[in-house]
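Notes follow once the structure below has been shown.
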Amino acid sequence: MAKKRAQKTEPPKLSIEESMGELQDIVRVLEEGEEPLESSLKRFERGMCLLRQCHEQLESAAARIEMLTSVDADGNPRTKPFD
């Protein structure tokens, strides 16, 4: 009988500030090098999930930002997506 792979669950969505704070804590602990390997690997995996979430949040924010390019004759702003 085949073994079932453990499903990786994404951590609940945090604000980008909360994620960055937790990432800083993870980096600090990993840099100290005092934890056993298995615990360090779990922290690293958690950090990668948080990093992925931060990247997704930043990409989403960038997609929502528009640049003001000019104003039309009626005074309405002309915008274009931020790249």
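See the values below:
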{"item": "Given charges at Cβ of Lys, Arg, Asp, Glu: the chain dipole, positive-most of Thr79, Ser15, Cys49", "result": "Cys49"}
{"item": "Highest-MSF residue in the chain out of Ser15, Ser70, Ser60 [GNM, Cα springs under 10 Å]", "result": "Ser70"}
{"item": "Among (i) 17.9, 61; (ii) 12.3, 34; (iii) 20.6, 73, the entry derived from the coordinates for Rg and Dmax of the Cα atoms in Å", "result": "(iii)"}
{"item": "Thr79/Ile16 FRET efficiency (R0 30 Å; Cβ-Cβ; nearest 0.05)", "result": "0.80"}
{"item": "Degrees, to the nearest 10: 37-64 long Cα axis against longest axis of the chain", "result": "10"}
{"item": "Residue-normalised accessible area of the chain, given per residue in Å² at a 1.4 Å probe", "result": "88"}
{"item": "Residue with peak Gaussian network fluctuation, the chain [Cα springs, cutoff 10 Å], from Glu56, Glu34, Glu22", "result": "Glu34"}
{"item": "Estimated FRET transfer efficiency (Ala62, Val27; beta-carbon r; R0 30 Å; 0.05)", "result": "0.80"}
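The values are calculated or read from the model by the stated rules, or taken from the named source; none is laboratory data. Computed from a predicted structure; not experimentally measured. Every residue, glycine as well, gets a Cβ built from its backbone with ideal geometry; the counts of neighbours run over all protein chains shown. For accessibility, only protein heavy atoms count, side chains too; no ligands or nucleic acids. Shrake-Rupley method; radii C 1.70, N 1.55, O 1.52, S 1.80 Å.
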